[in-house]
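Everything below concerns the one structure shown next.
The values are calculated or read from the model by the stated rules, or taken from the named source; none is laboratory data. Note that the structure is a prediction, hence the values are computed from the model and not measured. Cβ sites come from the backbone with ideal geometry, for glycine too, and all protein chains shown count toward neighbours. SASA here: full protein model, heavy atoms, side chains in, ligands and nucleic acids out. Shrake-Rupley method; radii C 1.70, N 1.55, O 1.52, S 1.80 Å.
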Amino acid sequence: MNRTVSKLIGLTLILGLFHACVNKPKTGRTDTLSSGHIEMACDESFSPIIDEELDIFSATRPNAEVTPIYTNEQEAVQMLMEEKIFLAITSRQFTKNEYNTLKNKGYKSMRSAPIAYDGLALIINNDNLDSCITVKDVVRILSGEATQWSDIYPGSKRGEIEVVFDNPKSSTVRYAQDSILGGKPINSPNIQAVDKSAEVISYVEKTPNALGIIGSNWLDDKRDTTNVTFKKNIRVMAVSRMETATPSNSYQPYQGYIYNDRYPFIRTLYCLLNDSQHGLPSGFANFIASQPGQLIIFHSALLPAYGNVTTRNIIVNK
């Protein structure tokens with residue numbers, strides 16, 4: 001089957017995003033922009049891309065050691081608020097309350113900036129051929145209105161829809177509640193959260209009636225340098241904003257469809273910084289926003305936050 005997709009082919013970057021003045025006395029830290037040792041926290045769903053960023057950052061800065069703590073989004077932000085770390089990577093900015101809390105502690109350099117855009121992917125078992133779905137039906141599933149696959153696809157014999165998330169406190173769950181359900185809680189009667197994103201893929205691969213919800217950066221097939229091939233062990237659903245989903249109006253979370261906003265479930269990755277010393281946390285955030293860091297994001301099938309992007313249509317034979 002032929003499918004026309006948009007592929008990103010050009011990227012001109014804008015640099016110098018994380019500048020800050022030293023405005024709080026040092027607290028015993030000795031790290032600089034390019035040396036020392038720190039820990040940083042990151043929502044586990046973004047670990048593939050952060051691992052790639054760290055590999056290159058460490059190779060080009062031999063005196064710098066950044067240790068990632070992969071956890072859920074809530075705990076990552078909590079560690080930042082408790083000053084256990086000074087950099088967190090999440091899918092949201094500081095809330096007003098968090099900003100004011102840090103300000104009341106004497107900090108004046110709290111800042112957040114986008115570094116990439118990610119599609120929240122819906123994945124199903126390879127044997128499930130019903131791979132086009134509307135935004136409206138996703139809402140019906142998450143709200144508990146639709147509990148059987150036959151509620152979405154009349155005549156389906158797959159039984160209950162088993163909804164699987166990576167972690168109950170993850171950015172994926174928060175996005176589903178805030179952005180898909182409009183602030184309402186997830187109310188599917190047959191929902192479960194595993195512990196890690198890789199476990200979502202494994203569960204869906206083995207479960208014919210499962211619907212996994214996961215960050216698209218976990219789905220890139222590294223064997224394809226064009227960034228238009230997903231992993232072969234699961235099927236990625238195409239999502240439509242229209243009343244009825246068809247192959248012509250439904251889109252998967254490819255870079256091009258994130259770029260032109262055709263894919264409906266897009267989230268922003270942010271660096272949250274509370275680094276008044278302008279040390280290694282700022283140094284690693286600067287690297288992610290720099291040309292090498294943004295190119296790593298580009299080649300990982302996510303959309304870089306900075307740069308002028310051009311697209312062209314290509315034909316992929318399946």
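A few points about this structure:
- Within the same chain, aspartates and glutamates fewer than 8 places from Lys232 are excluded, and of the rest, those with a Cα less than 18 Å from its Cα are Asp127, Asp130, Glu199, Glu205, Asp220, Asp221, Asp224.
- Residue-wise HN-Hα coupling along segment 128-137, computed from phi with Karplus coefficients 6.51, -1.76, 1.60 (Hz; x: Gly, Pro): 8, 8, 7, 10, 10, 8, 8, 4, 4, 6
- Whole-Hz ³J(HN,Hα) from phi, Karplus 6.51 cos²θ - 1.76 cosθ + 1.60, for segment 153-160, glycine and proline x: 10, x, x, 5, 10, 7, x, 5
- On segment 98-230, 48 percent of the accessible area sits on carbon and sulfur atoms, based on a 1.4 Å probe.
- For Glu39, residues with placed amide H under 5 Å, excluding near neighbours: Thr67
- Pairs of lysines in segment 107-184 whose Cα atoms sit within less than 25 Å of one another amount to 4, provided the residues are eight or more positions apart or on different chains.
- Looking at segment 260-299, the accessible area is 24 square angstrom per residue; that uses a 1.4 Å probe and ignores ligands, DNA and RNA.
- Förster radius 22 Å - calculated FRET efficiency between Lys206 and Glu243 (Cβ-Cβ, nearest 0.05): 0.10
- Amide H within-cut-off set for Ala238, under 5 Å, with H built and near neighbours excluded: Cys132, Ile133
- In order along segment 239-245, phi translates into HN-Hα couplings of 10, 10, 7, 7, 5, 10, 8 Hz, rounded to whole numbers, per the Karplus curve 6.51 cos²θ - 1.76 cosθ + 1.60 with θ = phi - 60° and x for Gly and Pro.
- Computed with a 1.4 Å probe over protein heavy atoms only, the accessible surface of segment 101-249 comes to 45 Å² per residue.
- Per residue, the average separation of C-alpha pairs within less than 8 Å and at least 6 apart gives segment 43-100 a relative contact order of 34 percent.
- Between Ile115 and Leu269, Tyr270, Cys271, the built amide H atoms are under 5 Å apart, and every one of these is 5 or more places off in sequence or on another chain.
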